Amino acid sequence: GDSVTQMEGPVTLSEEAFLTINCTYTATGYPSLFWYVQYPGEGLQLLLKATKADDKGSNKGFEATYRKETTSFHLEKGSVQVSDSAVYFCALSGDQGAQKLVFGQGTRLTINP
Amino acid sequence: NAGVTQTPKFRILKIGQSMTLQCAQDMNHNYMYWYRQDPGMGLKLIYYSVGAGITDKGEVPNGYNVSRSTTEDFPLRLELAAPSQTSVYFCASRGTGNSYGYTFGSGTRLTVV
């Protein structure tokens, strides 16, 4: 079945550092790919998405490119802020049926001032 | 406000007790999902529904039941609570016309003691 593997955490960075969180996937067909963010005590919020190969999703300075050849969707940000501290989830949605979301295990990110 | 509403936000159950987690959405979405999130893990799908009167099992359905008598409501039932069901539960919905517009509720934190 479909699966998502993302970088083990936790990740701790200093403010203004460059961020990469790796995400790879296994899926049949043409899935859509997502990054969700979960702030402490809250639900999941969609951060960005990409629906086909070579698409780049972007939001709030975060970017991720759908790479079909490497089955990857790595999350990047050029200069992180303390307010980016959260748990980040990579996820995919199949292109058939109920299009259920399949999540990676999450990466906890802490940004120190 | 439009969205997905989950109640209660917190609950403590004793082993063997039963309860229903409520989920309601007011966006006329056909697709609804229940996920559980265990510490350090991603979200796992418990049950989902593609429309009123139609439900199906996800990855981890044992110990749970659902019903979908209306488009708006998708309650999750725990019949005999067990410590392994201690988790945070999230409900989500998605419209048919917008395949990527998942909306998550704020979650129910359940502890079974």
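How large is log10 of I(q)/I(0) for chain B at q = 0.11 Å⁻¹ when the intensity is taken from the Debye formula with one equal scatterer per alpha-carbon?
-0.31
Which of the trypsin sites (Lys or Arg not before Pro) across the stretch B:64-95 are loop residues per DSSP, with 12 or fewer other Cβ within 10 Å? Before the final figure, lay out each step's value.
Numbers: sites: B:ARG68, B:ARG77, B:ARG94; in loops: B:ARG68.
Within the stretch B:64-95, no trypsin sites (Lys or Arg not before Pro) qualify (loop, at most 12 other Cβ atoms within 10 Å).
Based on the Cβ-Cβ distance of B:ASP73 and A:GLN45, what FRET efficiency does E = 1/(1 + (r/R0)^6) give at R0 = 25 Å, to the nearest 0.05?
Calculated transfer efficiency: 0.60.
If you take the square roots of the eigenvalues of the alpha-carbon gyration tensor of the stretch A:1-92 and sort them as a ≥ b ≥ c, do you get rounded (a/c under 1.5), prolate (a/b over b/c) or oblate?
The shape class here is prolate.
Take every Cα-Cα distance within the protein assembly as shown, group them into 5 Å bins from 0 onward, and report for each bin the whole-number percent of pairs it holds.
Reading upward from the zero bin: 1, 7, 15, 18, 18, 16, 12, 8, 3, 1, 0.
Give me A:ASP54, B:ASP73 sorted ascending by neighbouring Cβ count inside 10 Å, so fewest comes first.
Fewest-to-most ranking of A:ASP54, B:ASP73: A:ASP54, B:ASP73.
In a Gaussian network model over chain A where Cα atoms closer than 10 Å are linked, find which of A:GLN96, A:GLN38, A:GLN81 has the largest mean-square fluctuation.
A:GLN96
Under 15 Å from a point 7 Å along the Cα-to-Cβ line of B:ASN65: which residues of the stretch B:3-41 have their amide N that close?
Taking a point 7 Å out along Cα→Cβ of B:ASN65, the residues of the stretch B:3-41 whose backbone N falls under 15 Å are B:17-21.
Where does the charge balance sit around A:SER79 when Lys and Arg score +1, Asp and Glu -1, over other residues with C-beta under 13 Å from its C-beta? Please list the in-between numbers first.
Details: positive: A:LYS60, A:LYS77; negative: A:GLU15, A:GLU16, A:GLU63, A:GLU76, A:ASP84.
Taking every Cβ under 13 Å from that of A:SER79, the sum is -3.
Please name which of B:LEU76, A:VAL37, B:TYR35 has its Cα lying farthest along the dipole of the protein assembly as shown towards the positive end, using unit charges on Cβ (Lys, Arg +1; Asp, Glu -1) and the Cα centre as origin.
Towards the positive end, the residue furthest out is B:LEU76.
Mean separation of Cα pairs under 8 Å and 6+ residues apart, divided by the residue count of chain A: what relative contact order is that in percent? Walk me through the numbers before you get to the answer.
Values: 297 pairs, mean separation 41.9, N = 113.
Worked out over chain A, it gives 37 percent.
Report the local net charge at A:ASN112: Lys and Arg +1, Asp and Glu -1, summed over other residues whose C-beta lies under 13 Å from its C-beta.
Values: positive: none; negative: A:GLU15, A:GLU16, A:ASP84.
Spelling it out: positives minus negatives among the neighbours equals -3.
FYI, it's all coordinate maths here, none of it is from the lab. All figures in this text were calculated on a predicted structure; none of them were measured in a lab. Ideal geometry is used to build each Cβ from the backbone, glycine not excepted, and the neighbour counts take in all protein chains shown.
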